[in-house]
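Student: Here it is: the structure, laid out below.
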Amino acid sequence: MFDTVGALNRAPGWLRRLAYRAAAGRGVLGHAADAVRFRFSENEVPSLPQPSDVPVRFVIGPANSAGQGYQWARAIEHHLPGTAAVAMREIGSDRFHTEVDLKVPVAVYQRSASWHTDAEAYLARQTHVMWESGLPLLGRRYGSDVAREMRLLADQGVSGALLFHGTDIRPPARHAAESRWSPFRDPMGRVRALEETSARNAALVATAGAPVFVSTPDLLHWLPDATWLPVVVDPAHWRRAPANARTTGPPVVVHAPSSPWLKGTDRIEPMLRRLEEEGVIEYRQIVGIPHAAMPDFYADADIVLDQFVLGIYGVAACEAMASGRLVMSHVEDFTRATVRERTGLELPVFEVTIESLEVELRRAVAEPEAFNDLRMEGPAFVEAVHDGRRSAAAIAPFLELSA
């Protein structure tokens, strides 16, 4: 199979720039490519939500990464009276089928003039709008220019903010220089693309003059003036089974790599397969499972392995903690210290690295009772930090409300 990304990585700079312009729908080539890629019929254009007359009307989009736009919208409505919140996602490929208020087919999002007109009018009736990951809410309408969208809506009295989730703002070269386990040390095409994306979004942050939010505390290392908007997980939804040690058979060890190269899957899986062959563990890799089915998979697990190369924790770790499972992962000291300073709590994720994982897994199998306290701390931590209350409090000043 032809490696398009790899070929572009080796191509001259002028050819890469031309390809990126075409991919962004710019220039004659870009317009022609869009006409082929983004075909739609008017009956695919979705209806917009009914306008609300509450004092604060909020829209977030268009990424809904890990379903968090939807979760923040619900947290706002639940904890901040006088608000209505809508999460939007442009729908291309969505393996996890996360919940969202407004789904827009990607071709409609990019090219439908009728949808652009109606969506812009709808956004202009809001009081506050948040752009995720430096992505436009109106597709190609203004050349995918988020800053222009923000200015146009600001001129109509709409307050704007930016939010970032991770690889959209984390600079790969700096991460590789600072982190031993960084996945960005190999200068492959996707790393170069992420470098360009993070640089472009950093420039947007510098020039937009808008409040900036980040979904995970590690990103405060790169954006120290941003506000941490904690991810939201419903504790009750994940509490399906008691976190008791298994009495028959080897412990079940689960790993759910939404993006294997950003989780370090290939660097731990050979060892996990070997432990399974030895009968030490039963290893299950969870891929392609709808998000709604994940609680049942975690309920049948004893240990959940999150990620081993980025040094962070996010939605997947929170869901596993809420399930009362032992979570093993590599979380950098900066993130742990930030959580401690901001919440007064220790992050109940057992620290392991690629090198130490096997030893600690064997110990967890041999001495499960040594990890009981950590298991029990997980659900309480998620309820205290990630049930939506802190998220609503974090966003309240932007919405000009008191939490």
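The values are calculated or read from the model by the stated rules, or taken from the named source; none is laboratory data. Just so we're clear, the structure is a prediction, and the values are computed from it rather than from any experiment. When we count neighbours, we look across all protein chains shown, and the Cβ atoms used for this are built from the backbone with ideal geometry, even at glycine.
Student: Any idea which of T207, T197 is part of a helix (DSSP H, G or I) and surrounded by fewer than 17 Cβ atoms within 10 Å (Cβ to Cβ)?
Tutor: T207
Student: Something else: Which pairs do you get when a residue that is within 28 Å of A161 (Cα to Cα) and part of a loop (DSSP other than H, G, I, E, B), found in segment 229-240, comes within reach of a residue that is β-branched (V, I, T) and modelled with pLDDT of 90 or more, reach meaning Cβ atoms under 8 angstrom, with the pair 6+ apart or on two chains?
Tutor: Correct list of pairs: L229/V214; L229/I395; P230/V385; V231/T216; V231/V315; V233/V315; V233/V382.
Student: Give the residues of segment 306-350 that are part of a helix (DSSP H, G or I) and either touching a His at 6+ places or on another chain (Cβ under 6 Å) or within 16 Å of S258 (Cα to Cα) (or both), sorted by residue number.
Tutor: Listed by number, the residues that qualify are V315, A316, A317, C318, E319, A320, F334.
Student: Oh, and also: When segment 355-389 is examined, which residues are found to be in contact with a Lys or Arg (Cβ under 7 Å, 6 or more places away or on another chain) and hydroxyl-bearing (S, T, Y)?
Tutor: Within segment 355-389, none qualify.
Student: So, E269, is that one farther than 27 Å from R180 by Cβ and in a helix (DSSP H, G or I) or not?
Tutor: no
Student: Another one. Scanning for something of a type in the set (V, I, T) and without any contact (Cβ under 8 Å) to a residue 12 or more places away in the chain, does segment 187-206 turn up at least one residue?
Tutor: No, there is no match, as no residue in segment 187-206 is of a type in the set (V, I, T) and without any contact (Cβ under 8 Å) to a residue 12 or more places away in the chain.
Student: Anything in segment 73-105 that is among the hydrophobic types (A, V, I, L, M, F, W, C), at pLDDT 95 or above and out of contact with any strand residue (DSSP E or B) (no Cβ under 6 Å at 6 or more places or on another chain)? List them, or say none.
Tutor: The answer is A75, L80.
Student: If I filter segment 241-257 for residues that are in a helix (DSSP H, G or I), in contact with a strand residue (DSSP E or B) (Cβ under 7 Å, 6 or more places away or on another chain) and either modelled with pLDDT of 95 or more or not aliphatic (A, V, I, L, M) (or both), do I get at least one hit?
Tutor: Checked against the condition, which is being in a helix (DSSP H, G or I), in contact with a strand residue (DSSP E or B) (Cβ under 7 Å, 6 or more places away or on another chain) and either modelled with pLDDT of 95 or more or not aliphatic (A, V, I, L, M) (or both), segment 241-257 yields no hits at all.
Student: Could you identify the single residue in D266, D234, D225, D302 that is among the acidic types (D, E) and under 17 Å from the mean Cα position of the chain (by Cα)?
Tutor: Sole residue among the options that is among the acidic types (D, E) and under 17 Å from the mean Cα position of the chain (by Cα): D234.
Student: Out of R10, R57, R37, report the one residue that is modelled with pLDDT of 70 or more, over 21 Å from R111 (Cα atoms) and among the charged types (D, E, K, R).
Tutor: R57
Student: Which condition number in (1) over 27 Å from the mean Cα position of the chain (by Cα); (2) at pLDDT 90 or above; (3) hydrophobic (A, V, I, L, M, F, W, C) is the one that L29 fails?
Tutor: All conditions are met except number (2).
Student: Only residues that are without any contact (Cβ under 8 Å) to a residue 40 or more places away in the chain and part of a loop (DSSP other than H, G, I, E, B): list them for segment 50-70, please.
Tutor: Q50, S52, D53, V54 - these are the residues of segment 50-70 that are without any contact (Cβ under 8 Å) to a residue 40 or more places away in the chain and part of a loop (DSSP other than H, G, I, E, B).
Student: Read through the list (1) closer than 23 Å to V233 by Cα; (2) in contact with a Pro (Cβ under 6 Å, 6 or more places away or on another chain); (3) charged (D, E, K, R), then give the number of the only condition that E282 fails.
Tutor: (1)
Student: To continue, here is another question. What number goes with the only condition from (1) in the same structural domain as V252 (by TED's automatic domain parsing); (2) under 21 Å from the mean Cα position of the chain (by Cα) that A392 does not pass?
Tutor: Evaluating A392 over (1) in the same structural domain as V252 (by TED's automatic domain parsing); (2) under 21 Å from the mean Cα position of the chain (by Cα) leaves (1) as the failure.
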